[in-house]
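A.B. asks: Provided herewith is a single structure, encoded as structure tokens, for subsequent inquiry.
All of the numbers you see were taken from the coordinates with simple rules; none came from a lab. Since we're looking at a predicted model, the values are computed, not measured. Cβ placement follows ideal geometry from the backbone for every residue including glycine, while neighbour counts extend to all protein chains displayed.
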Amino acid sequence: MCIPLLLAVSWRLALIIIAILPILVVTAVLFGRFIRKISRKAQDELAESNTIVEETFQSVDVVKAFTNEAYETRRYGVINMKVAAIGLSAAKYRAGFVSFIIFVMFGAIVGLVYAGLNEVSADRITMAN
């Protein structure tokens, strides 16, 4: 319903929208999938961290008997550092994704307004009152 209306008002502006929109959507979907993979990896590492804690607490007498406190502490510290690193990386990509979406959407709006103003200045379309 919207595309025929756009074409009726200005086919040039409609073509700009039809050309830009799929590129934006595909880029957003691909970027979103990448971020989802990183988030899943962070959740997997966090689950591994919880497993280490559960194993250590359930067999605390064995850990103490073999004096493995330092080993378990180190093992838990290493996995927590991985979780933190992946989480920070995912946060950077999410921030970049949000910035990209905001920049591109506002850029598309400004570009469309600019193209519309050029159409008006060339007397191809008129401004509605």
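A.B. asks: So how tilted is helix 69-121 from the main axis of the chain? Cα-based, degrees 0 to 90, rounded to 10.
C.D. replies: 0
A.B. asks: Quick one: among Asn50, Asn68, Asn80, which has the greatest mean-square fluctuation in a GNM of the chain with alpha-carbon springs under 10 angstrom?
C.D. replies: Per the Cα network of the chain with a 10 Å cutoff, Asn68 tops the list.
A.B. asks: Which chymotrypsin sites (Phe, Trp or Tyr not before Pro) from the stretch 45-129 combine a DSSP loop assignment with at most 16 other Cβ atoms within 10 Å?
C.D. replies: When the chymotrypsin sites (Phe, Trp or Tyr not before Pro) of the stretch 45-129 are filtered for loop state and at most 16 Cβ neighbours within 10 Å, Phe66 remain.
A.B. asks: Right, here's the next one. Please name whichever of Val29, Gly96, Ala14 sits farthest to the positive end of the charge dipole of the chain, dipole taken about the Cα centre and charges placed at Cβ: Lys and Arg +1, Asp and Glu -1.
C.D. replies: Ala14
A.B. asks: Let me ask something else. In debye, nearest 20: dipole of the chain around its Cα centre with unit charges on the Cβ of K, R (+) and D, E (-)?
C.D. replies: In debye, rounded to 20, the chain gives about 360.
A.B. asks: Here is a follow-up. Out of Ala108, Val120, Ile38, whose Cα points farthest toward the positive end of the dipole of the chain (charges: +1 Lys, Arg; -1 Asp, Glu; placed on Cβ)?
C.D. replies: After comparing all options, I get Val120.
A.B. asks: Now a separate question. Given Cβ point charges of +1 (Lys, Arg) and -1 (Asp, Glu) and nothing else, what value in debye, to the nearest 20, does the dipole of the stretch 68-127 about its Cα centre take?
C.D. replies: Around 300 debye, computed over the stretch 68-127.
A.B. asks: Work the Kirkwood hydrodynamic radius out for the chain: mean of 1/r over every pair of different alpha-carbon atoms, inverted, in Å.
C.D. replies: It works out to 19.3 Å.
A.B. asks: Mind pulling the angle between the C-alpha long axis of helix 11-58 and the longest principal axis of the chain? Nearest 10 degrees, somewhere in 0 to 90.
C.D. replies: Between the helix axis and the principal axis of the chain, the angle is about 10 degrees.
A.B. asks: At 222 nm, what helix-only mean residue ellipticity would the chain give, in deg cm²/dmol to the nearest 500, using -39500 (n - 2.57) for each DSSP H run of four or more?
C.D. replies: Mean residue ellipticity at 222 nm (helix-derived): -32000 deg cm²/dmol.
A.B. asks: Right, another one. Using the beta-carbon distance between Val78 and Leu24 and R0 = 35 Å, what value does 1/(1 + (r/R0)^6) give for FRET efficiency, to the nearest 0.05?
C.D. replies: For R0 = 35 Å, the calculated efficiency reads 0.30.
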